[in-house]
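The values are calculated or read from the model by the stated rules, or taken from the named source; none is laboratory data. None of these values were measured; they are calculated from a predicted model. Neighbour counts run over all protein chains shown; Cβ positions are idealised from the backbone, glycine included. To get the accessible areas, we keep the full protein, side chains included, count just its heavy atoms, and leave off ligands, DNA and RNA. Shrake-Rupley method; radii C 1.70, N 1.55, O 1.52, S 1.80 Å.
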Amino acid sequence: MEEEALKILVESLIEYEGRWIGTPAVCNPDVAHPVPGEVLNYDQVFIRDFVPVALLFLVKNDELPVKHHKHTEIPLSGNEIVRNFLEVTLELHQQARQRSFTGLALMPASFKVIVDNGQQHLEPDFGDRAIARVTPVDSSLWWILLVRAYCKAVGNQSLAHQEDFQEGVRLILELCFSDRFDMEPTLLVPDGACMIDRRLGIYGHPLEIQALFYASLRAASELLPDNETNEKVRQAVQLRLQALKERIRIDYWLDIKSLNDIYRFRVEQYGKEVLNKFNLYSDSIPYEWLSEWLEEKGGYFAGNLGPSQLDCRFFTLANLMTILCSLATKMQSQEIMELIYQQWDKLLAHMPIKICYPALEGRDWEILTGCDPKNKRWSYHNGGSWPVLTWMLAAAALKTGRYDVLKRLKEDLVVVGKRLLAEDWPEYYDGEDGRLIGKEARKFQSWTIAGFFLTQELIDKPEFLMLVNFGFDEDP
């Protein structure tokens, strides 16, 4: 099963100027005849989507199948493919920076190879072509994390220490640090700026962006040598790390104790030393489902926080990332894992894993999604199930020593794997129990394939956790 899946990924690799530079979002094995109606931008290489593929390639490295190309068989190196991807995306970032009014730019969401009069060139999408023109804030943050993972895999930081890569990391951070109207240590972003790339009411300071930002800051502190050129950026990184950590750990945290505190909050308080800093109104908190969702030993980080706004939905990727980058304390990490274990049937059910819980419905769905039929209740981003997220759950379970979670996940993967194979690796699943193939889900999704086998590799070879793990800091 793994051998056939790796062949699908390898055969879908895209060539550019003699280099293999990544896999498209959909890697239909019959690449010469794409499935009708399945193209849109799914034939492009996405930074976000390629991350689990890249991690799997780093783990397998010289164990990848040969690539069939022009009637020849080409041996591949997983490390080399990831390096090519990082170099190409950096080139696109540099080109975008040169065209920018400020000299700063994000990484593209995706790119494709265009052949014009026999000449190849790359066509990036910085959100200017995307559905609803969403801004891919997370692409730059994932890119920094993948640079670090590559350096961990090869055992040195020579690539990261190249001047173009040093400049790339600095420029991304300088964009994040740039002057703005928002005064928070968290990053202010529009809706759809991360994996949830459609309107879902997560504009403001969504947890997923904050967790990726924190992880990128920690990665940058490893990748940027302590020298005169990096001095100011390194100082800014350390200051932001501390402020961001305090904000998330204290103000985003939800458990039975904090829920009781919020329930009794006074409003319209002024000054620095107040409990209800964000003027949260108790009546806006969905206590009915929260009191059932939260157990005595469980807790998690809220999805978003802002003026009179506390998004109590559980966002899976975001909470798992807080564990991997140690934005969560050791105790908070254990409580997140305990909540997942307690709510297994709701989050994993017949197909892992709910991207968020619970789903929006009724008037909330109408207002927050704009009546988006793709994000209807228990579908796509609105409570749909995404198999790719299992690798992050396995990594978080390994880090926290939750072998009961790993055991249960491994048992589920036996059934899940057979179903994914039989149903041609769909992007996501619909329904509260995850029984239905997503109504608009593309099949042969590259990160579905890679995520499943990366999960298996992490369980079988836990030493590869180093690619995505950041050690706990001095805090408990």
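Of all residues in the stretch 1-21, those that are without any contact (Cβ under 8 Å) to a residue 60 or more places away in the chain have Cβ atoms under 6 Å from Cβ atoms of residues that are open to solvent by less than 30 Å² (accessible area, probe 1.4 Å), 6 or more apart or on another chain, in K7/P65.
Of all residues in the stretch 166-196, those satisfying the criterion of being surrounded by fewer than 18 Cβ atoms within 10 Å (Cβ to Cβ), part of a loop (DSSP other than H, G, I, E, B) and not hydroxyl-bearing (S, T, Y) are D179, R180, F181, D182, M183, E184, L188, P190.
Just a yes or no: is a residue in the stretch 399-418 under 18 Å from the mean Cα position of the chain (by Cα), open to solvent by 10 Å² or more (accessible area, probe 1.4 Å) and basic (K, R)? Checking the stretch 399-418: at least one residue is under 18 Å from the mean Cα position of the chain (by Cα), open to solvent by 10 Å² or more (accessible area, probe 1.4 Å) and basic (K, R). Among the criteria (1) part of a loop (DSSP other than H, G, I, E, B); (2) at pLDDT 95 or above; (3) not hydrophobic (A, V, I, L, M, F, W, C), the one G103 does not fulfil is (2). Residue by residue through the stretch 369-392, note down the ones that are within 18 Å of the chain's Cα centre (by Cα), of a type in the set (A, V, I, L, M, F, W, C) and within 14 Å of A132 (Cβ to Cβ). None - no residue of the stretch 369-392 is within 18 Å of the chain's Cα centre (by Cα), of a type in the set (A, V, I, L, M, F, W, C) and within 14 Å of A132 (Cβ to Cβ), so the list stays empty. Against the conditions (1) surrounded by fewer than 14 Cβ atoms within 10 Å (Cβ to Cβ); (2) at pLDDT 95 or above; (3) farther than 23 Å from L146 by Cβ, R249 satisfies every one except (1). Reported count of residues in the stretch 97-106, each being open to solvent by 40 Å² or more (accessible area, probe 1.4 Å) and either within 21 Å of the chain's Cα centre (by Cα) or at positive phi (or both), is 1.
For first residues located in the stretch 209-226 and of a type in the set (A, V, I, L, M, F, W, C), partners that are outside any helix (DSSP H, G or I) and lie 6+ apart or on another chain with Cβ distances below 6 Å form the pairs I209/L187; I209/V189; I209/C194; A211/L327; F213/L187; A215/C325; L223/A160; L224/N230.
Can you tell me which residues in the stretch 107-139 are open to solvent by 20 Å² or more (accessible area, probe 1.4 Å), of a type in the set (D, E) and under 18 Å from V88 (Cα atoms)? Result: E123, single match. Here R199 passes the criteria (1) part of a helix (DSSP H, G or I); (2) at pLDDT 90 or above except the one numbered (1).
For the stretch 302-330, the tally of residues that are open to solvent by 10 Å² or more (accessible area, probe 1.4 Å) and at positive phi stands at 1. Considering the stretch 227-238, the residues that are in contact with a Leu (Cβ under 8 Å, 6 or more places away or on another chain) and not aliphatic (A, V, I, L, M) include one that is least open to solvent (accessible area, probe 1.4 Å), namely N230. Do you know which of the residues in the stretch 252-269 that are among the charged types (D, E, K, R) and not in a loop (DSSP other than H, G, I, E, B) is most open to solvent (accessible area, probe 1.4 Å)? Among those that are among the charged types (D, E, K, R) and not in a loop (DSSP other than H, G, I, E, B), it is K257. One residue alone among K272, K277 is assigned to a loop (DSSP other than H, G, I, E, B), free of Cβ contacts under 8 Å to residues at least 12 places away in the same chain, surrounded by fewer than 17 Cβ atoms within 10 Å (Cβ to Cβ) and not polar (S, T, N, Q), and that residue is K272.
For the stretch 72-127, the set of residues classified as within 24 Å of Q162 (Cα to Cα) and either touching a Cys at 6+ places or on another chain (Cβ under 6 Å) or of a type in the set (S, T, N, Q) (or both) consists of S77, N79, N84, T89, Q94, Q95, Q98, S100, T102, S110, listed by residue number. Within this structure, I353 fails the test of being open to solvent by less than 10 Å² (accessible area, probe 1.4 Å) and in contact with a Lys or Arg (Cβ under 7 Å, 6 or more places away or on another chain). Within the stretch 454-466, the set of residues being open to solvent by 10 Å² or more (accessible area, probe 1.4 Å) and touching a residue at least 24 places away in the same chain (Cβ under 8 Å) comprises Q456, E457, I459, K461, P462, F464, L465, M466. Only one entry in S333, S385, S379 is crowded, with 18+ Cβ neighbours inside 10 Å, touching a Ser or Thr at 6+ places or on another chain (Cβ under 8 Å), closer than 22 Å to L290 by Cα and modelled with pLDDT of 95 or more, namely S333. In the stretch 291-301, which residue that is over 14 Å from F315 (Cα atoms) and in a helix (DSSP H, G or I) is least open to solvent (accessible area, probe 1.4 Å)? Per the stated criteria, the residue is S291. Put simply, of L207, L241 the only residue that is modelled with pLDDT of 95 or more, more than 24 Å from I285 (Cβ to Cβ) and open to solvent by less than 30 Å² (accessible area, probe 1.4 Å) is L241.
Looking only at the stretch 155-165, decide whether some residue is in a helix (DSSP H, G or I), surrounded by 24 or more Cβ atoms within 10 Å (Cβ to Cβ) and in contact (Cβ under 8 Å) with a residue 12 or more places away in the chain. Checked the stretch 155-165: no residue is in a helix (DSSP H, G or I), surrounded by 24 or more Cβ atoms within 10 Å (Cβ to Cβ) and in contact (Cβ under 8 Å) with a residue 12 or more places away in the chain.
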